[in-house]
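Engineer: Could you have a look at this structure, given as structure tokens, before my questions?
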Amino acid sequence: MARFTMLDGATTIGGTKLLFEAGASPESARLLFDFGLNYATMGTYFEEFLTPRTSAGLTDYLTTGLLPKLGFYRSDLTTLLQKMQPELAAQLTDPGHVDACFITHAHVDHTGSISFLDETIPLYATPVTAAVLRAIQETQFSTGPENGVTKFILRPNLGANQKGRRDLVDLDFPMKPPDSQTTAFPVGPSVPVEFPGCCQVTAYPVDHSVPGACAYLIEYDGGKLVYTGDLRFHGRMGRVTADTIARLAALHPDALLIEGTNLRGDDAFAAREPAFHRSSQFWSEQEVEGEALKEVHRAHGLVIADFGMKDLDRLMTFQSVAKKTGRKLAILPRDAYIVRLAQEAGYQDGCPEESKINLQDPGVVLYIKRGGSGTYDTEDIEKDWARSTILRFAGWAPDSFDVAGKREKVGQLLDGSCPRVVRAAEVTAHQSDYLLSLGYWDIQELCDLHPSEGSLYIHSSAEAFSEEMSWDQKRLAEWLSLTGMDSVHIHASGHARPEDLFRIVEQLAPRRVYPIHTEHPEQYAEKFKDIVSLLRYGQTVLLDQ
Ligand SMILES: [Zn+2]
Ligand SMILES: [Zn+2]
């Protein structure tokens, strides 16, 4: 009989780790869906300077419950564990052979523990999710075992992965030919991935605050299970979600694993966002744009917009706001690189030109931070992706240079003479000309930027209780007060409204509902009574036929 085990993430926002088994026999397919980092558990035991020890491999993760005690981890870390802590190693139960891990989207609470998994387990993701994960991995500074999703740093078969990319398999989506009238990305479900004699898995695109997100349909002997991943209806691509739910409803799924991020207790909205002078929460990207436009019109100094680096919908919103207010949008090379890889993988294919992120637009410029030398030295830009990104913004084709040529050319572009590659000095000298996209982790740039009177900080990312949130609002408030910046919080959630979540249940009409990715699963039970089962950490559920 098919069954699933909620290894983690049943009653927390994220940390999702779902194990599906098509049957009880050793030959049955065993599939993981997401293998994320649980921020709640992380925050319980760790903080900024108190982190799991990279050198101790699995030890700290297994001991604190950040990883489940199952025997499906990387061979190098498993060997280390057996050598150093045989008793802990002996506690790992054998789950049997795991055939694949399917990723719903590129948020850390769904992917942040994947690098610990056995290197022989293939990963599946939509092409855009795979592209975003690759861009993030290439551009991050930290290279511990916890950070390798696509290349599996320290894995014995690293070379093979780099060449063949065997570990991260792009799901195959039939794409509609681009049509200027409609949004074509991606149309309908993926080609199913088959596990002969056991089950098949199909990805269905959904809209979320990161491009490339999907839900999964698992068809097993005698039943159909839907896992929603994270989704919403009110983003720019909201109708992709609506279309997916309609298609899934027509298939009459038996069981539904559904997210519930926005189900909250009564007091959830009471003490929020103390760091900002004003706060507006909307249920559409258009309203976010409208409010941001009003705020930026009023500001007469520098405007800084802080939003999730993977939230390309929001980047598009601020590109539009910058254009309409006569400002240049300045972004970091890393952000430009994520956009480029996502677009190459099909993100925004078929969208009308005017509603695409356009990195060729002279109104979009690169903001270069000071490097390791403390200046803007070409040696500070070490990585090829960064050099190539700078060259592209200056209108050069990176491929027309060899390594030494690239280095030399980049050096020439870091002196402030190229209008599309700017430094703090250029922004400071013309503050009202720029809308600068910078996150909390770049807040020290304010020491170089010296915001003038009338400058504004727009916080436009995840809510304080949400998944991608790990910063300290009080500290941010101190920075804003130190620099005298006005501040506002403008946001639309990456997750569906409670009424939209309930409508999904009504439309799909499954026999069983299992809430996950929520702190208030009981709200589903109050609404839908007996068909809802509340899951505990590590609980196994038999899927009746
Ligand atoms: Zn999530
Ligand atoms: Zn998410």
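Engineer: Count the net charge of all other residues whose Cβ sits under 13 Å from the Cβ of GLU408, scoring Lys and Arg as +1 and Asp and Glu as -1.
Structural biologist: Charge balance near GLU408 sits at 0.
Engineer: What length, rounded to one decimal in nm, is gained on full extension from ARG247 through to SER533, with 0.36 nm per residue of separation minus their alpha-carbon distance?
Structural biologist: The ARG247-SER533 span can extend by a further 100.5 nm.
Engineer: Only bridges whose two residues both fall in the chain count here: according to DSSP, what percent of them are antiparallel, nearest 5?
Structural biologist: About 40 percent, rounded to the nearest 5.
Engineer: Shifting gears a bit: Calculated FRET efficiency, ASP402 and ASP361, Cβ-Cβ r, R0 25 Å, to nearest 0.05?
Structural biologist: Computed FRET efficiency for ASP402 and ASP361: 0.30.
Engineer: Give me the extension gain from ALA24 to HIS450: residue separation times 0.36 nm, minus the current Cα-Cα distance, reported in nm with one decimal.
Structural biologist: 147.0 nm
Engineer: Lys/Arg Cβ at +1, Asp/Glu Cβ at -1, dipole of the chain taken about the Cα centre: which of TYR216, SER355, LEU435 is farthest positive-ward?
Structural biologist: The listed residue farthest towards the positive side: SER355.
Engineer: On to the next question. What value, in deg cm²/dmol to 500, does the helix sum -39500 (n - 2.57) over DSSP H runs of n ≥ 4 give at 222 nm once divided by the residues of the chain?
Structural biologist: -8500 deg cm²/dmol
Engineer: Taking the beta-carbon count within 10 Å as an exposure proxy, list VAL206, VAL240 from fewest neighbours to most.
Structural biologist: By the 10 Å Cβ count, ascending: VAL240, VAL206.
Engineer: Quick one: Debye curve from the alpha-carbon atoms of the chain only, equal weights, vacuum; give me log10 I(q)/I(0) at q = 0.05, 0.07, 0.09, 0.10 Å⁻¹ to two decimals.
Structural biologist: -0.20, -0.40, -0.68, -0.84
Engineer: Determine, for HIS450, HIS517, the number of other Cβ atoms within 10 Å of each Cβ, and report the residues in order from fewest to most.
Structural biologist: HIS450, HIS517
Engineer: Another question, then. Taking neighbour Cβ counts within 10 Å as the exposure measure, how do ASP486, ASP243 sort from fewest upward?
Structural biologist: Ranked by crowding around the Cβ, least crowded first: ASP243, ASP486.
Engineer: Report the local net charge at GLN507: Lys and Arg +1, Asp and Glu -1, summed over other residues whose C-beta lies under 13 Å from its C-beta.
Structural biologist: -2
Engineer: Further question on the same structure: Which helices of the chain meet both criteria: a Cα extent of 24 Å or more along the helical axis and a mean Kyte-Doolittle score no lower than 0.5, with helices taken as whole DSSP H segments?
Structural biologist: In the chain, no H run is both long and hydrophobic enough.
Engineer: On to the next question. How far is it, in nm, from the label point at HIS277 to the one at ASP377 when both lie 7 Å from their Cα along the line to the Cβ?
Structural biologist: A separation of 4.0 nm, rounded to one decimal place.
Engineer: Can you give the charge dipole size of the chain about its Cα centre, rounded to the nearest 20 debye, using +1 on the beta carbon of Lys and Arg and -1 on the beta carbon of Asp and Glu?
Structural biologist: Approximately 520 debye in magnitude.
Engineer: Okay, next question. Go ahead and run the numbers for FRET between ASP384 and LEU88, Cβ-Cβ distance against an R0 of 30 Å, rounding to 0.05.
Structural biologist: With R0 = 30 Å, the Cβ-Cβ based efficiency is 0.15.
Engineer: Applying 1/(1 + (r/R0)^6) with R0 = 45 Å to the Cβ-Cβ distance of THR44 and ALA509, what FRET efficiency is obtained, to the nearest 0.05?
Structural biologist: Plugging the Cβ-Cβ distance into 1/(1 + (r/R0)^6) gives 0.75.
Engineer: While we're on this one: Excluding residues fewer than 8 places away in the same chain, name every one of the aspartates and glutamates whose C-alpha is closer than 18 Å to that of LYS406.
Structural biologist: Within the straight-line cut-off, LYS406 pairs with ASP377, GLU379, ASP380, GLU382, ASP384, ASP415.
Engineer: Still on this structure: Please list, or write none, the lysines whose alpha carbon is within less than 27 Å of the alpha carbon of LYS324, excluding same-chain residues fewer than 8 places away.
Structural biologist: The reachable lysines, counting only those whose Cα sits under 27 Å from LYS324, are LYS294, LYS310, LYS356, LYS369.
Engineer: Same structure, new question: Please compute the net charge surrounding LEU31, taking Lys and Arg as +1 and Asp and Glu as -1 over other residues with Cβ under 15 Å from its Cβ.
Structural biologist: Combined, the nearby Lys, Arg, Asp and Glu give -4.
Engineer: Could you tell me the relative contact order of the chain? Use alpha-carbon pairs under 8 Å, at least six residues apart, and round to a whole percent.
Structural biologist: 20
Engineer: Under 18 Å Cα-Cα from LYS383, which aspartates and glutamates qualify once same-chain neighbours fewer than 8 residues away are excluded?
Structural biologist: Reachable aspartates and glutamates: GLU138, ASP335, ASP399, ASP402, GLU408.
Engineer: Positive end of the charge dipole of the stretch 227-329 (Lys, Arg +1 and Asp, Glu -1 on Cβ, about the Cα centre): tell me which of GLY260, HIS300, THR241 has its Cα farthest that way.
Structural biologist: Checked the options; the winner is HIS300.
Engineer: Can you give the extra length, in nm with one decimal, that the chain gains between ARG264 and SER55 once fully stretched, where that is 0.36 nm per residue apart less the Cα-Cα distance?
Structural biologist: 71.4 nm
Since every read-out is calculated from the coordinates, none of them should be taken as a lab result. Since we're looking at a predicted model, the values are computed, not measured. For neighbour counting, all protein chains shown are included, and Cβ atoms are generated from backbone atoms with ideal geometry for every residue, glycine included.
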